[in-house]
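Asker: Can you read through this structure? Questions will come right after.
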Amino acid sequence: MTLSLDQTLVLVAISAYIVATLAFLTYLLAPMPVAKAIGIPFAFLGCITQFVELVVRYQTSHIWPLTNLYGSLSLFAAMSVAIFIGFALRYDLWYAGGFVLALAAGFLAYGLTWNEGYLPPVPALQSYWIKIHVPLVVSSYAAFLVAAATSLLYLIKYYLGRSLDAPPPRGLQPAAATPTGSLGLANLRSMEAGENAPAASGGGAASAAPAGALAQWLATLPSLAKLDIMTYRIVAVGLPLLSLGIITGAMWAKEAWGAYWQWDPKETAALASWIIYLAYMHLHTRNAWRGLRCAWVNVVGFASILFCYLGVNIWISGLHSYKM
């Protein structure tokens with residue numbers, strides 16, 4: 001079977017994302033410059049190929065490519081990688097690339113299962129608003145995906161670092177502890193600052209070695225403070241986009257259905273996600289919430305985005321449903 005140019009470009013993009021995922025995961029586990037050097041160009045290749053594919057599809061069919069879930073997921077994957085690349089270039093966040101690229105590849109591959117070919121859109125979608133509303137909303141979802149990836153990295157580093165502070169198993173000799181009694185978060189912060197971690201002594205050297213290796217690996221990751229502030233800045237991009245998406249969606253609804261707001265499941269879910277991220281932005285200004293608690297709020301927020309984006313559209317009947 002001969003593949004069309006459209007299909008070939010999608011396969012190239014997925015393949016590039018897979019290679020970039022493997023390279024960035026390698027860079028996460030063992031920060032070798034060569035792994036990052038491989039991942040970056042493949043991330044660019046996949047992202048650029050996806051945007052080219054969207055243009056090719058439009059020129060081939062003369063139908064706006066974002067009228068179905070396939071096109072929407074294509075843009076979602078491409079914008080996720082584009083936003084990630086922008087922040088990674090500015091703040092050296094390539095460590096999170098494995099998570100972002102894996103999700104982009106997964107969503108793009110899943111979108112292929114919704115490829116209906118070049119079918120004309122239903123009358124409600126034959127509006128200029130689709131060229132404004134959908135890119136805004138999908139781009140906000142993409143920003144939240146990248147923010148979820150940095151929050152996930154934050155949680156991994158936090159909980160693994162805290163596990164190093166756990167008390168030794170019952171019966172372990174005191175000599176197994178380091179002179180300060182811990183290889184955990186305190187020493188991790190010292191290592192991030194460029195100081196040497198306390199060495200284990202006596203019979204505790206063997207048991208402290210794995211903990212020391214873990215602490216050294218965690219110290220190679222961006223600091224918790226950097227991951228926290230980067231997540232905040234990424235959400236600060238996504239929330240205005242979602243706000244504009246909700247506003248333009250209301251204006252489109254007025255034109256298509258005669259009312260700005262009808263408490264459709266999609267509208268309600270989008271409002272719930274907007275409230276969660278608005279709460280995140282507010283709570284991040286409070287010292288007691290900044291860091292771990294806000295990371296969990298962000299994870300919950302992205303779960304609500306997935307429900308709003310896919311759960312409502314696929315499994316719940318409504319004006320925005322893709323349910324067959």
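The values are calculated or read from the model by the stated rules, or taken from the named source; none is laboratory data. Note that this is a predicted model, so its numbers are computed, not measured. All Cβ positions, even for glycine, are placed from backbone atoms using ideal geometry, and neighbour counts span all protein chains on display. What goes into the accessible areas is simple: the full protein's heavy atoms, side chains included, and nothing from ligands, DNA or RNA. Shrake-Rupley method; radii C 1.70, N 1.55, O 1.52, S 1.80 Å.
Asker: How big is segment 61-142 by the Kirkwood estimate over distinct Cα pairs, in Å?
Answerer: One over the average 1/r among Cα pairs gives 13.7 Å for segment 61-142.
Asker: Calculate the tail of P(r) for segment 111-150: the fraction of all Cα-Cα distances greater than 16 Å, expressed in %.
Answerer: Value for segment 111-150: 59 percent of Cα pairs lie more than 16 Å apart.
Asker: Roughly how many percent of the accessible protein surface of segment 16-110 is carbon and sulfur, given a 1.4 Å probe and a whole-percent answer?
Answerer: 77
Asker: Related question: Can you compute 3J(HN,Hα) from phi for each residue in segment 53-58, using the Karplus curve 6.51 cos²θ - 1.76 cosθ + 1.60 with θ = phi - 60°, rounded to whole Hz and x for Gly and Pro?
Answerer: These are the phi-based 3J(HN,Hα) values: 4, 4, 5, 4, 4, 5 Hz.
Asker: Tell me, what is the per residue accessible area of segment 203-315 in Å², probe radius 1.4 Å?
Answerer: On a per-residue basis, 46 Å².
Asker: Among 315, 297, 227, pick out the residue whose Cα is farthest towards the positive end of the charge dipole of segment 213-316, where Lys and Arg carry +1 and Asp and Glu carry -1 on C-beta, about the Cα centre.
Answerer: 227
Asker: To continue, here is another question. Between residue 156 and residue 257, what is the FRET efficiency for a Förster distance of 30 Å, r being their Cβ-Cβ separation, to the nearest 0.05?
Answerer: Working from the Cβ atoms, E equals 0.10.
Asker: Just the number please: accessible area per residue for segment 69-123, 1.4 Å probe, all protein chains included, in Å².
Answerer: Solvent-accessible surface per residue comes out at 36 Å².
Asker: From the C-alpha gyration tensor of segment 8-157, pull out the three semi-axes of the equivalent ellipsoid (sqrt of 5λ each), sorted largest to smallest, in whole Å.
Answerer: Rounded to whole Å, the semi-axes are 30, 16, 12.
Asker: If you take all C-alpha pairs in segment 219-292, what percent of them are over 16 Å apart?
Answerer: Pairs farther apart than 16 Å: 59 percent.
Asker: May I ask you to list the aspartates and glutamates whose Cα is less than 19 Å away from that of residue 131, ignoring any residue fewer than eight positions away on the same chain?
Answerer: 53, 255, 267
Asker: Follow-up. Can you tell me which of 231-240, 277-286 comes out highest on packing, and rank the rest after it, using the mean Cβ neighbours within 10 Å?
Answerer: 231-240, 277-286
Asker: For the pair residue 132/residue 60, report the inter-label distance in nm, with labels modelled 7 Å from Cα in the Cβ direction.
Answerer: With each label placed 7 Å out from Cα toward Cβ, I get 3.0 nm.
Asker: When the Karplus curve 6.51 cos²θ - 1.76 cosθ + 1.60 is applied with θ = phi - 60°, which whole-Hz ³J(HN,Hα) does each residue of segment 301-310 get, with x for Gly and Pro?
Answerer: Result, ordered by residue: x, 5, 4, 5, 5, 4, 5, 5, 6, 9 Hz.
Asker: Run down the lysines and flag those whose C-alpha is under 27 Å from the C-alpha of residue 226, throwing out any fewer than 8 positions away in its chain.
Answerer: Straight-line reach from residue 226, under 27 Å: 36, 157.
Asker: I've got another one for you. Would you kindly give the portion of the calculated P(r) for segment 12-58 that falls above 15 Å, as a percent of all Cα pairs?
Answerer: That fraction is 43 percent.
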